[in-house]
Amino acid sequence: MAKGGISKVVKLGGFAHVNTVCIGGGFPPVVQTMWKDRLSFEDLEGNAAEQIISRIENLGKMGCGVLRFAVPDLNAAEVLGNLASMVSMPLVADIHFDYKIALRCLDFPIAKIRINPGNIGGKDKVKAVLNKAAAASRPIRVGVNAGSLPRDLEPPAGDLGGNSLAEAMVLAAEREIAVFTEFGFTDVLVSMKASSIADTIRANRLFAERSDIPLHVGVTEAGPLIAGVVRNTAALVALLADGIGDTIRVSLSDTMEKEIIAGREILAAASEMAGTGENSPGVRIVSCPRCGRAGFDTHGFTERWQNRFYAMDKNITVAIMGCAVNGPGEARHADLGITGVGDKVLIFRRGEVTCTIDAAEADTAFEKELAKL
Ligand code: SF4
């Protein structure tokens, strides 16, 4: 959403078997992630294909609205094009350097492409891509990264002050958008990403003050799980509080599933802070940090169940607690609670103890109780 107003809407998918996803226009921010490995044609056959399709479907259930793939060459474009005809998730092709890859991707039901006009050749090549994208109703994201700014916009080495890097990212985005405008192409989104929290915030605020183009926001190269979540939370909560951010990607050196969970939790936290989202949809997990009193391994249980919880279509609170100190209280107040008490494990459903079991039986018993909700 643009600061002080609503960004224009960009529609993805909606053709053939692919879901329609609206980005911008006041729609809730869309959480997205990026496939972490290179795919080959062998990956689209037999069991390998089933596993990939199942993983993408599960990402969708967890809250992923859009899934991006690196497309480094024409062979990768063919593979992604074929995959795009096998799943309902809108897939995005991320392309650098070669406009022919973008042209080939547009032959397939790929929902969006990401290019930077400045690095895919001359204006005639950009024009060819834009014409084909417009004819196929495919939006394009311009992605500016602080690490690959045009030479003339790079801040001087060692310049860490002021708005210089943020301004350079905005200027780079505006320069790319000007090429689109020259050819009459308006179905566009923009991202300006840096590994710096402050520059990410400044660049997006600056751009949103000047434009109603929908913004894809996130801190890039943000680090491993904990550092990456913290850094993205700091930037995204600030931007979302300003009404900036139409789609988010939490970049982590970790799994896609963790990126989606982090994205959902950041949106829920931002809504809660704004007083609009105490009842965010999905499973809310209350889990204790565990200590020397624990009679139940809350860490192992939470790790085993986490992805399943986020893929569930249930609006419930689940409590996973270690011992009698706080366990029964939290478990009783949750829709479904499990807690260690002495050498036993108790399961509560909507305030009532439904079973007392050994820890080895916890997963099976919990699954049965969950099915009753
Ligand atoms: Fe420790 Fe029990 Fe509190 Fe968990 S609920 S942190 S095990 S005292």
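In summary, Arg231 fulfils each of the numbered conditions (1) among the charged types (D, E, K, R); (2) farther than 22 Å from Ser7 by Cβ; (3) surrounded by fewer than 18 Cβ atoms within 10 Å (Cβ to Cβ) with the single exception of condition (3).
Is it the case that region 346-358 has a residue that's in contact (Cβ under 8 Å) with a residue 40 or more places away in the chain and either within 16 Å of the ligand (Cβ to nearest atom) or under 29 Å from Gly63 (Cβ atoms) (or both)? Checking region 346-358: not a single residue is in contact (Cβ under 8 Å) with a residue 40 or more places away in the chain and either within 16 Å of the ligand (Cβ to nearest atom) or under 29 Å from Gly63 (Cβ atoms) (or both).
Quick grid of which residues meet (1) under 23 Å from the mean Cα position of the chain (by Cα); (2) farther than 17 Å from Leu206 by Cα; (3) at pLDDT 95 or above; (4) not assigned by TED's automatic domain parsing to the domain that holds Pro109:
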position: Asn131; (1), (2), (3), (4): no, yes, yes, no
position: Ala135; (1), (2), (3), (4): no, yes, yes, no
position: Arg138; (1), (2), (3), (4): yes, yes, yes, no
position: Ala146; (1), (2), (3), (4): yes, no, no, no
position: Gly161; (1), (2), (3), (4): no, no, no, no
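Among the numbered conditions (1) on the phi > 0 side of the Ramachandran plot; (2) assigned to a strand (DSSP E or B), the only one that Val31 does not meet is (1).
Got at least one residue in region 75-90 being assigned to a helix (DSSP H, G or I), in the same structural domain as Asn19 (by TED's automatic domain parsing), more than 24 Å from the chain's Cα centre (by Cα) and more than 18 Å from Thr220 (Cα to Cα)? Yes; the residues of region 75-90 include at least one that is assigned to a helix (DSSP H, G or I), in the same structural domain as Asn19 (by TED's automatic domain parsing), more than 24 Å from the chain's Cα centre (by Cα) and more than 18 Å from Thr220 (Cα to Cα). So, in region 250-277, of the ones that are surrounded by fewer than 20 Cβ atoms within 10 Å (Cβ to Cβ) and among the aliphatic types (A, V, I, L, M), which residue ends up farthest from the ligand (Cβ to nearest atom)? Looking at residues that are surrounded by fewer than 20 Cβ atoms within 10 Å (Cβ to Cβ) and among the aliphatic types (A, V, I, L, M), I get Ala274.
For region 185-200, the condition holds for at least one residue, the condition being that it is surrounded by 19 or more Cβ atoms within 10 Å (Cβ to Cβ), free of Cβ contacts under 8 Å to residues at least 40 places away in the same chain, assigned by TED's automatic domain parsing to the domain that holds Thr233 and assigned to a helix (DSSP H, G or I). One residue stands out among those in region 278-319 that are in a loop (DSSP other than H, G, I, E, B) and without any contact (Cβ under 8 Å) to a residue 12 or more places away in the chain: the one that is farthest from the ligand (Cβ to nearest atom), which is Glu278.
Regarding region 323-336, can at least one residue be identified that is touching a helix residue (DSSP H, G or I) at 6+ places or on another chain (Cβ under 8 Å), over 20 Å from Ala268 (Cβ atoms), modelled with pLDDT of 95 or more and within 16 Å of the ligand (Cβ to nearest atom)? No, that holds for no residue.
The values are calculated or read from the model by the stated rules, or taken from the named source; none is laboratory data. Model, not experiment: these values are computed from the prediction. With ideal geometry, Cβ positions are generated from the backbone for all residues, glycine too; neighbour counts draw on all protein chains shown.
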